[in-house]
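Here is the structure we will look at.
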Amino acid sequence: MPERRPNQFDPASEHAPPITPAVPPIGRHDPFAAFRSPGYSFFTAGNLLSLTGRQMLAVAVEWEIYRRTHSATALGLVGLVFAVPIVGLSLPAGHLADRISRKHIITVSQILTTLTSVALALVSWQHLRIPQMSILRASNDGLSAIAGVFERHQPAFHFDDASIPLIYLLLFIGAIVRTFSWAARASFFPTLVPRDAFSNAVTWNNSAFQIASVVGPAISGFLIAHIGFPIVYMIDAITAFLFFLLVLPIPRAKQARERVEQSTWRSLLAGMKFVFSKKVILATITLDLFAVLLGGATALLPIFADQILRCGPIGLGWMRAAPAIGAFAMALTVAFLRPMRQAGKMLLWCVSGFGVATIVFGLSKALWLSLLMLFLAGALDSVSVIIRGSIVQLITPDEMRGRVSSVNNIFIGTSNEFGALESGLTAALFGPVISVVGGGIGTILVVIGSALKWPEIRKIRALDRTLG
């Protein structure tokens, strides 16, 4: 779900000498340990802005597509559009992040993200003037046929707006860019902090994501209700460009590379082999994958806002923000408390609680209760993110971080997106309530199965340099 101060070296130089970060006295817990390292604050500020814009865009896209189609399947297909690039390109993206400058990948991806968001704003703004070209009509006919398979009980859906296929196309292009950007970001920020600050950096990175997930949806819902969709997409373009500007002055850290060059194919598979050889990483990633795949209700929030809770786009914005508020509160708590000593058991209990909160949300008919359950789900999920992220970064050597981060992205990124597809299709078949409640029950069963399959999870203790 980071920051830095400029130093006396030329910020344009990619080979500035390393600077020893300030280290607190041994035995004292420093909740701001990650921020003692130069460059981290620039990265975090840019990352926060970029994520805020992305969260605003997510709310706007979901509401625009649902308003133009009234189709649960259409919402599920958004998840598929995001998932395909993750599955197909994460390993090449990780390979690239371990071979060339991660900083350069991030800056280029932010420029491309800016351009796709500007295009999305133009399509949304001029959607009524887009000519009904044959390829767009054929695409809408295909989308309508897919929806018809799952929504026979809901004949009100329609795919007649020429902008819908173009929105999907731009989302797909944006997803390709983000796949490469994510691999670079995930393997770039650990090089900016000392090893003992990894867990703290992961905690604050998660905090940045949660702040963005609070601010973004709330602002987006307000802007959608009072101004319109295009302004939201333009704000995402601006925040992406600001991230580009903030990354520029960060000196590129020395990037470790494997001493023995492998073939491209063997290099691509190396990250996968590493993950499967480390049972602790494999167990925690798998647990998170299936929990999110089954237990996510985010993709269906427009339906709950429209049909069940009847709270409109502003209510949708607050429902999207509620999990992030809970996650941010939990991340702050974790940052200021001493490190966890029984991280594995904590992980299992938190994912179980996430499943329970999902079930109650699915059954709720009151907005206040729904918001409370989303808050709790976000808080509990935040612990899972911190633990999994810390484990991956602590166990993985720097020369493999790009590829291992990409494998992690395949697991976690696709769980979010395929979870959205699963939720959309099951909601189309059985209704949104059964979809969400069934997913929550499935999450609890996954926890039980994971604890039995991998007893190593329960044995995970402190998230520090002793882990491995």
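The values are calculated or read from the model by the stated rules, or taken from the named source; none is laboratory data. Please read these numbers as outputs of a predicted model, since none were measured by experiment. With ideal geometry, Cβ positions are generated from the backbone for all residues, glycine too; neighbour counts draw on all protein chains shown. Side chains are part of the model used for accessible areas, which takes the heavy atoms of the whole protein and leaves out ligands, DNA and RNA. Shrake-Rupley method; radii C 1.70, N 1.55, O 1.52, S 1.80 Å.
How do 433-439, 175-181 rank on mean C-beta neighbours within 10 Å, highest first? Working shown, then result.
Details: 433-439: 20.1, 175-181: 22.4.
Descending mean neighbour count gives 175-181, 433-439.
Peptides 440-450, 77-87: what's the order by average Cβ count within 10 Å, highest mean first?
Working: 440-450: 18.7, 77-87: 20.9.
Taking the mean over residues of other Cβ atoms within 10 Å, the ranking is 77-87, 440-450.
May I ask you to rank 160, 236 by accessible area, largest first, using a 1.4 Å probe over the protein chains only? It would help to have the intermediate numbers written out before the result.
Numbers: 160 100, 236 0 Å².
Order by accessible area, largest first: 160, 236.
Given 365/459; 103/273; 278/345, which pairs have Cα atoms separated by over 30 Å? Show your work: numbers first, answer last.
Working: 365/459 40 Å; 103/273 26 Å; 278/345 18 Å.
Result: 365/459 exceed 30 Å.
Say each of residue 169 and residue 279 gets a label point 7 Å from the Cα, pointing the same way as Cα to Cβ; how far apart are those two points in nm?
Placing both labels 7 Å along Cα→Cβ, they lie 5.0 nm apart.
For the pair residue 332 and residue 459, what calculated FRET efficiency results from E = 1/(1 + (r/R0)^6), where r is the Cβ-Cβ distance and R0 = 35 Å, to the nearest 0.05?
Values: r = 28 Å, r/R0 = 0.79.
After rounding to 0.05, the efficiency reads 0.80.
Ranked highest first by the average count of other Cβ atoms within 10 Å around their residues, in what order do 273-283, 57-67, 218-228, 300-310 fall? Before the final figure, lay out each step's value.
Details: 273-283: 17.1, 57-67: 23.9, 218-228: 18.8, 300-310: 21.5.
Averaged packing, sorted descending, gives the order 57-67, 300-310, 218-228, 273-283.
Counting heavy atoms of the protein chains only and a 1.4 Å probe, report the per residue accessible area for region 36-172 as a whole number of Å². Could you put the intermediate results ahead of the total?
Values: 5270 Å² over 137 residues.
Spelled out: the 1.4 Å probe surface of region 36-172, per residue, equals 38 Å².
List the residues, sorted by chain then number, that are 5 or more residues from residue 39 or on another chain and whose placed amide H is less than 5 Å from its amide H.
Counting only residues 5 or more places away or on other chains, the set is 4, 5.
Based on the Cα coordinates of region 126-231, what is the per residue volume of their convex hull in Å³? Present the calculation step by step, with values, prior to reporting the outcome.
Numbers: hull volume 18.4 nm³, N = 106.
In region 126-231, the Cα convex hull volume per residue is 174 Å³.
Less than 14 Å from a label point 7 Å out along the Cα-to-Cβ axis of residue 125: which backbone N atoms in region 205-244 qualify, by residue?
What the label zone holds, given the 14 Å backbone N cut-off, is 228-238.
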